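S.K.: My questions will all concern the structure given below.
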Amino acid sequence: MSGGGTVSSDQAVSGDWWGTDAVSVWYGKVLALDRVTFRAAAGQVSAVVGGDGAGRTTLLRCLAGALAASDGEIRRPAARRIGYQPAGSGTYPDLTVAQNLAFRAAVYGVSAAGSGADYLERAGLAAARDRLAGRLSGGMRQKLGVIAAMLHQPALLVLDEPTTGVDPVSRIELWSLIARAAADGAAVVLATSYLDEAERASHVLALDAGRELAAGTPQQIVASMPGTVRVMDARPAGDEARRAWRRNARWQVWAPDGRAPADGEPVQPDLQDAVTVAALARELAMSGNRQ
Amino acid sequence: MSEPEGRGVAWTEERGTSDEGRRRLKRPAGERGPAVSGALAECVGVTRRFGRSIAVDGVDLRVDSGEVVGLLGANGAGKTTLIRMLLGLLQVSEGEVRLFGEPPSRRTRQRIGYLPQTLGLYDDLTAAENLAFSAAVFGGDTSRALPAALRPYGRRLVGDLPLGVQRRVAFAEALAHRPDLLILDEPTSGVDPLARARLWETIGETAAAGAGVLVTTHYMDEAGECGRLVIMADGRVVSRGTAAEITGDARVTVVETDAWARAFGVLEAAGLRAALVGRTLRVPGAPPDVVRRALGGMDARVSEAPMTLEERFSQITSSISRTEEVG
């Protein structure tokens, strides 16, 4: 596949981060990514957040080398130093857990014995070594997919929604694997639709319809949120209703800069509030343009 | 699982319905069923066995009008089996399920709105046709089934719609016949934050209008939307109450250090499993002095913080012996 974008690999550039610079991707006439810039630093977890269709998978495929950019620059290590788990686990259903790992290890020319056993133990999968991957539960299969992607100690580990639909216990085990990879020096990039998970990352990129909605550390994203958020017990009326959303069985109301704040108690916004405000602001601007 | 799931449908109702029953089956979509004093749904000592394995073990559960009850649990904890018994798709082995004061039947099913994890839509029908079909089955008005927000998608095949829109169509379908009891199995999986807030808006409004809601989620942030939580592990209820009651005064040890990666390794070597949050480490299950000792002379700030619901959940459920995970 060819595209107008350029790629730098680790032979060409030194430095301790990977990522994209103003990358755009067109699928035919559909703009899936619109000038997106993203940095993933070594030894850290970076999160890409958004709902279905936001462009997360497209960005991750570019980073992993599975897709060429139409425009912009991608900076990634050589293919052998990338670990990639595509959405939907990326395991072989007809191989057992142990065979999946042995195969991956052979492809990368590493041993599956040492770290593989440690990772299986960490993920609570040790007892399932001889089960077919196709017979595992969703959460177990995701854990196996992450292990298979990190087995060769990649410099860049790209994980596409490893925790979607996974129960909280498996989620904790997955995060233990992710922390292990970052502690070993990998730049970990993870796509998620859960903001509490993004809050655990060192760097966050929120995407909406292929465009950046917010980016930075979770603290930076919260600090740069325009306006104020208050919380009310009942849904506000009139214009404020368009700037309100439900959270914890109450109503958060956003007042943009220069707008009188709503009634209710002021709250210290968190990442979820800040990203929701960014999405609301974009939605309101678009509906304003249409009128 | 040596025995096939369910020995046929558990509906107890006879085919020839009474006038009363027929009237209810034909109930127009705009009208709620007769008010029931007491629980909308009630499980008393409900057990379900599959061969020799016990999927649900002596569960008590109650959903009242106007409340949202969150059902939490790892995969394989028995949540889906319990829901299938409430829907009347599976018989209980022991105990009793009552819906609106009576055993599960075709008639009680009419009053339940159900959103399965897999959405349960027909890919090769349009969004409008899916809703019209469901409305016809439930005896409602098929002409006004599609909510305004979904009309732009009405004439497209569901299989061609983005997942987020499909989820909204399935949600509208579950609500279209104005159910008295709403059962939602992971309704917000894969949904962006604003869309998630809007789904909860609808769930909250449905409860405020008098329906009871039973919802499963793997996303602990959503527990705050539920008036009560019921946590299952290994087929049994292991905790119940509000999120604050369940978390209680449980604490977690927090380690802040520039050398987090080294601290992570040192703690692991000492047998302490740490979770990474940004660049801080959270160590459940070990008090600060134990963690400090394990870190030795490392330059690190060790403190205590209240446990999150997710950490507490993990603590409660991991103390229960986990049986085989079922997908």
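S.K.: Conditions: (1) out of contact with any Asp or Glu (no Cβ under 6 Å at 6 or more places or on another chain); (2) under 27 Å from B:His218 (Cβ atoms); (3) not charged (D, E, K, R). A:Ala102 meets all but one. Number of the miss?
M.R.: Every condition holds for A:Ala102 apart from (2).
S.K.: Right, another one. Given the condition surrounded by fewer than 17 Cβ atoms within 10 Å (Cβ to Cβ), touching a strand residue (DSSP E or B) at 6+ places or on another chain (Cβ under 9 Å) and at positive phi, answer yes or no: does some residue in the stretch A:85-105 qualify?
M.R.: Looking through the stretch A:85-105, at least one residue is surrounded by fewer than 17 Cβ atoms within 10 Å (Cβ to Cβ), touching a strand residue (DSSP E or B) at 6+ places or on another chain (Cβ under 9 Å) and at positive phi.
S.K.: Please tell me if B:Pro187 is within 13 Å of another protein chain (Cβ to nearest Cβ), touching a residue at least 60 places away in the same chain (Cβ under 8 Å) and either in a loop (DSSP other than H, G, I, E, B) or surrounded by fewer than 19 Cβ atoms within 10 Å (Cβ to Cβ) (or both).
M.R.: Numbers: within 13 Å of another protein chain (Cβ to nearest Cβ): yes; touching a residue at least 60 places away in the same chain (Cβ under 8 Å): yes; either in a loop (DSSP other than H, G, I, E, B) or surrounded by fewer than 19 Cβ atoms within 10 Å (Cβ to Cβ) (or both): yes.
Answer is yes for this residue.
S.K.: Might you check whether a residue that is assigned to a loop (DSSP other than H, G, I, E, B), in the same structural domain as B:Leu82 (by TED's automatic domain parsing), touching a residue at least 60 places away in the same chain (Cβ under 8 Å) and of a type outside the set (Gly, Ala, Ser) occurs anywhere in the stretch B:163-178?
M.R.: yes
S.K.: Hey, can you tell me all the residues within the stretch A:75-87 that are under 19 Å from A:Gly145 (Cα atoms) and more than 12 Å from chain B (Cβ to nearest Cβ)?
M.R.: A:Ala79, A:Arg80, A:Arg81, A:Ile82, A:Gly83, A:Tyr84, A:Gln85, A:Pro86
S.K.: Would it be correct to say that A:Gly72 is farther than 20 Å from A:Val49 by Cα and more than 14 Å from chain B (Cβ to nearest Cβ)?
M.R.: Against the criterion (farther than 20 Å from A:Val49 by Cα and more than 14 Å from chain B (Cβ to nearest Cβ)), A:Gly72 qualifies.
S.K.: Still on this structure, I have one more. Based on what the data block shows, is A:Trp251 assigned to a strand (DSSP E or B), touching a strand residue (DSSP E or B) at 6+ places or on another chain (Cβ under 7 Å) and more than 25 Å from A:Gly53 (Cα to Cα)?
M.R.: In short, yes.
S.K.: Go through A:Arg250, A:Arg211 for me and flag whichever is over 27 Å from A:Ala22 (Cβ atoms) and not acidic (Asp, Glu).
M.R.: Only one candidate passes the filter, namely A:Arg250.
S.K.: Let me ask another. Go through the stretch A:271-289 and report how many residues are of a type in the set (Asp, Glu) and surrounded by 20 or more Cβ atoms within 10 Å (Cβ to Cβ).
M.R.: 1
S.K.: Oh, and also: Condition check: farther than 13 Å from A:Leu157 by Cα and assigned by TED's automatic domain parsing to the domain that holds A:Tyr194. Does A:Arg56 satisfy that?
M.R.: Working: farther than 13 Å from A:Leu157 by Cα: yes; assigned by TED's automatic domain parsing to the domain that holds A:Tyr194: yes.
In short, yes.
S.K.: Can I ask one more? Given (1) more than 9 Å from every other protein chain (Cβ to nearest Cβ); (2) touching a strand residue (DSSP E or B) at 6+ places or on another chain (Cβ under 7 Å); (3) of a type in the set (A, V, I, L, M, F, W, C), where does A:Val222 come up short, assuming only one miss?
M.R.: (2)
S.K.: I'm told B:Glu256 meets every condition in (1) more than 10 Å from chain A (Cβ to nearest Cβ); (2) surrounded by 19 or more Cβ atoms within 10 Å (Cβ to Cβ); (3) within 16 Å of A:Gln44 (Cβ to Cβ) except one. Can you identify the failing condition by its number?
M.R.: Only one criterion in (1) more than 10 Å from chain A (Cβ to nearest Cβ); (2) surrounded by 19 or more Cβ atoms within 10 Å (Cβ to Cβ); (3) within 16 Å of A:Gln44 (Cβ to Cβ) is unmet by B:Glu256, namely (2).
Listed here are the residues, each with its yes/no results for (1) outside any loop (DSSP other than H, G, I, E, B); (2) within 23 Å of the chain's Cα centre (by Cα); (3) surrounded by fewer than 22 Cβ atoms within 10 Å (Cβ to Cβ).
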{"position": "B:Met85", "(1), (2), (3)": "yes, yes, no"}
{"position": "B:Leu89", "(1), (2), (3)": "no, yes, yes"}
{"position": "B:Gly95", "(1), (2), (3)": "yes, yes, yes"}
{"position": "B:Arg98", "(1), (2), (3)": "yes, yes, yes"}
{"position": "B:Pro104", "(1), (2), (3)": "no, yes, no"}
{"position": "B:Leu119", "(1), (2), (3)": "no, yes, yes"}
{"position": "B:Tyr122", "(1), (2), (3)": "no, yes, yes"}
{"position": "B:Ala128", "(1), (2), (3)": "yes, no, yes"}
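S.K.: Let me ask you something else. Do any helices (runs of 4 or more DSSP H) lying entirely in the stretch A:96-191 carry at least 2 residues that are within 11 Å of chain B (Cβ to nearest Cβ), and which ones are they?
M.R.: The helices (runs of 4 or more DSSP H) meeting that bar are A:114-122, A:138-150, A:168-183.
The values are calculated or read from the model by the stated rules, or taken from the named source; none is laboratory data. Predicted model only: the values in this text are computed from it and were never measured. With ideal geometry, Cβ positions are generated from the backbone for all residues, glycine too; neighbour counts draw on all protein chains shown.
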